[in-house]
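Participant: Below is a structure I'd like to ask you about.
The values are calculated or read from the model by the stated rules, or taken from the named source; none is laboratory data. Computed from a predicted model, the values in this text were never measured in an experiment. Cβ coordinates were reconstructed from backbone atoms using ideal geometry, including for glycine residues, and neighbour counts include every protein chain displayed. Areas reflect the complete protein model, heavy atoms only, side chains present, ligands, DNA and RNA absent. Shrake-Rupley method; radii C 1.70, N 1.55, O 1.52, S 1.80 Å.
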Amino acid sequence: MSQSFVEPGAPRPLDLPVREPKPRSRGQTMVIDGGAPVRWFEDVVESSGEFIDLVKFGWGTALVTSGIKAKTEVLRQHRIPYMFGGTLFEAYVRKGRFDDYRALCVEHGCGRVEVSNGTVDLDAEHKARYIARLAPDFEVVSEVGFKDPRRSETYPPSQWIADIRRDLDAGARAVILEARESGTSGICRTDGEVRFGLIEDILDTGPHPDLLIFEAPTKRLQTYFIQRVGRRVNLGNIALGDVIALETLRLGLRADTLLDEPAEPKDAGHTAAPRGTP
């Protein structure tokens, strides 16, 4: 059953699209926190938490954010899942302290963890093994793509798709497609332009879009994915101050999408991922 974007029982202005209730599997907004002041963070969650499906404490900020416990507490109150950035996972693995990383996530009540290899030398098979080790205790979100734009651009689409499938088969519940918080790597070029060919290959032969989270920190990227995949596309690396603005893009209440009839994800040609540990 769906609910509208407006208050229950109130008339829906302009016949706005309905929003699937949380927890939702599509149309997710993953917000990134790069160390925002606690009061601002709390205000954003209080005012727009209904539109936030997941919060990622970017890269290694969780270790130097003095108010991390206050932030996670407000997220728990609003039943919003959260996780630490994949770079923090990589930092622990690089130093041979995987068990300490797992303990850190447990200590902070993280129901989800991100597993990535965007920076460190960790091949896809070893990465999948870490996913399998974490999947029984956490909801794992993996990330595919590299922080180094040159390395990403020379990685063929077939390998992207193979890595996505490998992570899902290992137990990941969703896969993030790298673009960084700047939108200048991974699925994007250094000038912020989308790698259209790569995206088309992923949409044509990869898993269903509902299993993917496209990092889209800029309005340009958000608009593109809404127009190409549909308003229920899962988008990540959304800044705290852009949550409401993104909702207006989804609803066609901003000039960039006002004249659009957004496409919806097609079921044909895609395969579903296993839910839970294989």
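Participant: State all residues of the stretch 148-181 that are free of Cβ contacts under 8 Å to residues at least 60 places away in the same chain and under 20 Å from residue 60 (Cα atoms); if no residue qualifies, say none.
Facilitator: 148, 175, 177, 179, 180
Participant: Would you point out the residue of the stretch 202-214, among those that are in contact with a helix residue (DSSP H, G or I) (Cβ under 8 Å, 6 or more places away or on another chain) and open to solvent by less than 20 Å² (accessible area, probe 1.4 Å), that is nearest to residue 190 (Cα to Cα)?
Facilitator: Residue satisfying both the conditions and the ranking: 214.
Participant: Just to be sure, is residue 33 within 17 Å of residue 239 (Cβ to Cβ), of a type in the set (Asp, Glu) and open to solvent by 10 Å² or more (accessible area, probe 1.4 Å)?
Facilitator: Considered against the rule, which asks whether it is within 17 Å of residue 239 (Cβ to Cβ), of a type in the set (Asp, Glu) and open to solvent by 10 Å² or more (accessible area, probe 1.4 Å), residue 33 comes out as no.
Participant: Cβ-Cβ below 9 Å, separation at least six or inter-chain, first residue in the stretch 214-230 and free of Cβ contacts under 8 Å to residues at least 24 places away in the same chain, second of a type in the set (A, V, I, L, M): which pairs?
Facilitator: Partner pairs satisfying both residue conditions: 225/194; 225/199; 225/216; 225/233; 225/235.
Participant: Another one. Quick check: anything in the stretch 136-152 at pLDDT 95 or above and basic (Lys, Arg)?
Facilitator: No, every residue in the stretch 136-152 fails to be at pLDDT 95 or above and basic (Lys, Arg).
Participant: Let me ask another. Residues being in contact with a helix residue (DSSP H, G or I) (Cβ under 7 Å, 6 or more places away or on another chain) and open to solvent by 10 Å² or more (accessible area, probe 1.4 Å): count how many of those fall in the stretch 171-188.
Facilitator: Number satisfying all stated conditions: 2.
Participant: Now for a different question. Taking the stretch 70-105, which residues are touching a residue at least 24 places away in the same chain (Cβ under 8 Å) and within 21 Å of residue 146 (Cα to Cα)?
Facilitator: 83, 84, 85, 86, 87, 88, 89, 90, 91, 93, 94, 98, listed by residue number.
Participant: Suppose we filter the stretch 152-191 for residues that are closer than 25 Å to residue 83 by Cα, among the aromatic types (Phe, Trp, Tyr) and in a loop (DSSP other than H, G, I, E, B); how many remain?
Facilitator: Of the residues in the stretch 152-191, 0 are closer than 25 Å to residue 83 by Cα, among the aromatic types (Phe, Trp, Tyr) and in a loop (DSSP other than H, G, I, E, B).
Participant: Sticking with this structure for a sec: Has the stretch 49-60 got any residue that is under 21 Å from residue 111 (Cβ atoms), more than 17 Å from the chain's Cα centre (by Cα) and touching a residue at least 12 places away in the same chain (Cβ under 8 Å)?
Facilitator: No, that holds for no residue.
Participant: Over 26 Å from residue 254 (Cα atoms) and crowded, with 19+ Cβ neighbours inside 10 Å - does that describe any residue in the stretch 217-235?
Facilitator: no
Participant: Still on this structure: Picking from 121, 137, 148, which residue would you name as being exposed (fewer than 12 other Cβ atoms within 10 Å of the Cβ) and either closer than 18 Å to residue 166 by Cβ or of a type in the set (D, E, K, R) (or both)?
Facilitator: 121
Participant: For the stretch 244-260, give me each residue that is open to solvent by 40 Å² or more (accessible area, probe 1.4 Å) and in a loop (DSSP other than H, G, I, E, B).
Facilitator: 253, 254, 259, 260, listed by residue number.
Participant: Looking at (1) buried (at least 21 other Cβ atoms within 10 Å of the Cβ); (2) under 19 Å from residue 142 (Cα atoms), which one does residue 155 not meet, given that it meets all the others?
Facilitator: (1)
Participant: Check 276, 269, 241 and return the single one that is at pLDDT below 95, small (Gly, Ala, Ser), more than 28 Å from residue 154 (Cβ to Cβ) and open to solvent by 20 Å² or more (accessible area, probe 1.4 Å).
Facilitator: The match here is 276.
Participant: Also: Have a look at 48, 66, 116 and point out the one that is more than 25 Å from residue 169 (Cα to Cα), open to solvent by less than 10 Å² (accessible area, probe 1.4 Å) and out of contact with any Leu (no Cβ under 7 Å at 6 or more places or on another chain).
Facilitator: 48
Participant: Grab the helices (runs of 4 or more DSSP H) fully contained in the stretch 11-116, keeping just those with 3 or more residues being more than 23 Å from residue 179 (Cα to Cα) and at pLDDT 95 or above.
Facilitator: Hits in the stretch 11-116: 38-48, 68-77, 98-107.
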